[in-house]
Amino acid sequence: MFNPSRDEVRDFMFESWRKYRATEPLTAMESMAVEVIALHPEYHDMLADREHYQEKFRDRDYPPEFGETNPFLHLSMHIAIREQVSIDQPAGVRKYHATLSTKHGNVLDAEHEMMDCLGEMIWQAQRNRTAPDAGVYVDCLARKTK
């Protein structure tokens, strides 16, 4: 997916989970999404009830200042990290992922820690109105693996 809208990302998550539950064939990207969703049982009920969600919460934002986690952003960040690791871009991300996975004893917690760095890079780019700087991301990962 290249630059999908918020609704497209949400629809993708709903449809991937629906297809998985219906034992329909999945694309490679849907399989990756399902692997991540499966690790987050707290989102299963929401993703299994698309109609309710679309009726009541379609335009819902998840402002961090209210302590809410956006489930779609959270799942998307897992997918982004897994894609980065699969091609080792930015360079070294695969090594940091492996190191953090060993440190935590599992991939899920490693990716949660990596999300802090990914979020920091995105936040700085938005604040500075610049393109995301992979150096910010990699420097943060390096600090976390020391």
Check: Highest GNM mean-square fluctuation, the chain, Cα pairs closer than 10 Å: which of N128, N106, N70?
Finding: N128
Margin query: How tilted is helix 107-128 with respect to the longest principal axis of the chain? Cα atoms for both, answer in degrees (0 to 90, nearest 10).
Written below: 80 degrees
Check: Quick one: net charge of C117's neighbours, Cβ under 12 Å, K/R +1, D/E -1?
Finding: -4
Margin query: Among D61, D11, D49, which one shows the highest mean-square fluctuation when the chain is modelled as a Gaussian network with alpha-carbon springs under 10 Å?
Written below: D61
Check: Given the chain, what count of lysine pairs have C-alpha atoms under 22 Å apart, with each pair 8 or more places apart or on different chains?
Finding: 5
Next item on the list: Tell me the label-point distance for the pair T23, D7, using the 7 Å Cα-to-Cβ offset, in nm and rounded to one decimal.
Entry: 3.4 nm
Next item on the list: Give the angle, between 0 and 90 degrees and rounded to the nearest 10, that separates the Cα long axis of helix 93-104 from the longest principal axis of the Cα atoms of the chain.
Entry: 80 degrees
Check: How far is helix 71-87 tilted, in degrees, relative to the longest principal axis of the Cα atoms in the chain, given as a value from 0 to 90 rounded to the nearest 10?
Finding: 50 degrees
Check: For the chain, what mean projected area does the convex hull of the alpha carbons give, in nm²?
Finding: 9.6 nm²
Notebook entry, point to check: Which loop chymotrypsin sites (Phe, Trp or Tyr not before Pro) in segment 1-69, with loop taken from DSSP, have no more than 12 other Cβ atoms within 10 angstrom of their Cβ?
Noted result: F2
Next item on the list: Determine the per residue accessible area of the chain with all protein chains present and a 1.4 angstrom probe, expressed in square angstrom.
Entry: 60 Å²
Margin query: Can you give me the C-alpha center-to-center distance between segment 1-30 and segment 37-81, rounded to a whole angstrom?
Written below: 13 Å
Check: Under a GNM of the chain (C-alpha, springs under 10 Å), which listed residue has the highest mean-square fluctuation: A33, A22, A91?
Finding: A22
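The values are calculated or read from the model by the stated rules, or taken from the named source; none is laboratory data. Because the structure is a prediction, the values reported are computed rather than measured. All Cβ positions, glycine included, derive from the backbone under ideal geometry; neighbour counts span all protein chains shown. To get the accessible areas, we keep the full protein, side chains included, count just its heavy atoms, and leave off ligands, DNA and RNA. Shrake-Rupley method; radii C 1.70, N 1.55, O 1.52, S 1.80 Å.
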